[in-house]
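The values are calculated or read from the model by the stated rules, or taken from the named source; none is laboratory data. Quick caveat: nothing in here was measured; it's all calculated off a predicted structure. Every residue, glycine among them, receives a Cβ derived from its backbone with ideal geometry; neighbour counts consider all protein chains shown.
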Amino acid sequence: MKQDNKEYAERNLFNGLNGHSLISPLESQNNLVEPKIRLGILASGKGSNFEYIIKSIQKKQINAVISILIVNNPNCLAIKKAIKYNIPYVIINHRDCNSRLEHDKLVMKKLEELSVELVVMAGWMRIIGEELINKFNNRLINIHPSLLPSFKGIDAIEQAMDKRVTITGCTVHHVQKEVDSGSIIIQAAVPIKDKDSIETLKKRIQEMEHIILPLAIAKVAIEIRTNFKDKK
Ligand code: GAR
């Protein structure tokens, strides 16, 4: 995205849904935590959200360090981005594990080893279990390509098109046991155009994901430093 995130977000706020997108809430954008918040990123796919988190850190829109990228499959393209930006990464292949719990425990161990404070599921296509969720209670967030609570689960963009809704979008939310059900942190609305294909709509939704995920990280980082200070 060419525009500066903040400028782009503000422009969209003022333009409303008149052919553009709308982000709400926006109050988090100027808050920076000190010292840097330690992030653990979980990814399974292309890693475009992962890359935008890196760019937001570089642009000082969030004061964070990415302690680790964890991927669950060796072909995940996010690995290439980690190499490009010199971010430590580890492959914890779920196929090498006998159970979901075993995989979750390996992920958890790595996150704890590195004293990760906030875990960001940036295109993580696996359901995680209660143990990991409880360990990072209120410190584990996910990005989902719909306006939750509509269109939970996989193929959210296809679901929205099938239902012929005229506005969809993306949501960053806290992770709870029930899939895509935790409390909502920030959302962006994206109108669906008559001529949209899944690909064109996905592209516009992802442009908004790249803006709202860093905003959500900034917001939750402040909450973590406020609420978890004494528990570390
Ligand atoms: C994103 O669009 C994200 O919303 C979606 O996966 C994509 C990952 O893209 N996540 C889910 O559907 C989770 N249910 P990326 O790898 O380019 O960041």
Go through segment 47-88 and give me each residue that's over 28 Å from residue 34 (Cα atoms) and either in a strand (DSSP E or B) or among the basic types (Lys, Arg) (or both).
-> 80
Test for residue 23: is it in contact with a helix residue (DSSP H, G or I) (Cβ under 7 Å, 6 or more places away or on another chain), more than 13 Å from the ligand (Cβ to nearest atom) and more than 24 Å from residue 112 (Cα to Cα) | yes
Taking segment 133-142 as the search range and keeping residues that are under 17 Å from residue 72 (Cβ atoms) and within 16 Å of the ligand (Cβ to nearest atom), which one is surrounded by the most Cβ atoms within 10 Å (Cβ to Cβ)?
-> 142
When restricted to 203, 163, 219, the only residue more than 17 Å from residue 42 (Cα to Cα) and in contact with an Asp or Glu (Cβ under 9 Å, 6 or more places away or on another chain) is 219
Test each condition in (1) within 15 Å of the ligand (Cβ to nearest atom); (2) modelled with pLDDT under 95 for residue 210 and report the one that comes out false.
-> (2)
Looking at segment 68-92, which of its residues are more than 16 Å from the ligand (Cβ to nearest atom) and surrounded by 14 or more Cβ atoms within 10 Å (Cβ to Cβ)?
-> 68, 90, 92
Those residues of segment 101-128 which are of a type outside the set (A, V, I, L, M, F, W, C) and within 16 Å of the ligand (Cβ to nearest atom), in sequence order = 123, 126
Please list, ordered by first then second residue, the pairs with beta carbon atoms under 8 Å, 6 or more apart or interchain, first in segment 38-55 and closer than 18 Å to residue 127 by Cβ and surrounded by fewer than 24 Cβ atoms within 10 Å (Cβ to Cβ), second polar (S, T, N, Q) and at pLDDT below 95.
-> 44/73
Yes or no: residue 171 farther than 13 Å from residue 147 by Cβ and of a type in the set (Val, Ile, Thr)?
-> no
Hits in segment 188-204 - residues which are touching a helix residue (DSSP H, G or I) at 6+ places or on another chain (Cβ under 9 Å), surrounded by fewer than 22 Cβ atoms within 10 Å (Cβ to Cβ) and of a type outside the set (D, E, K, R) | 189, 191, 192, 197, 198, 201
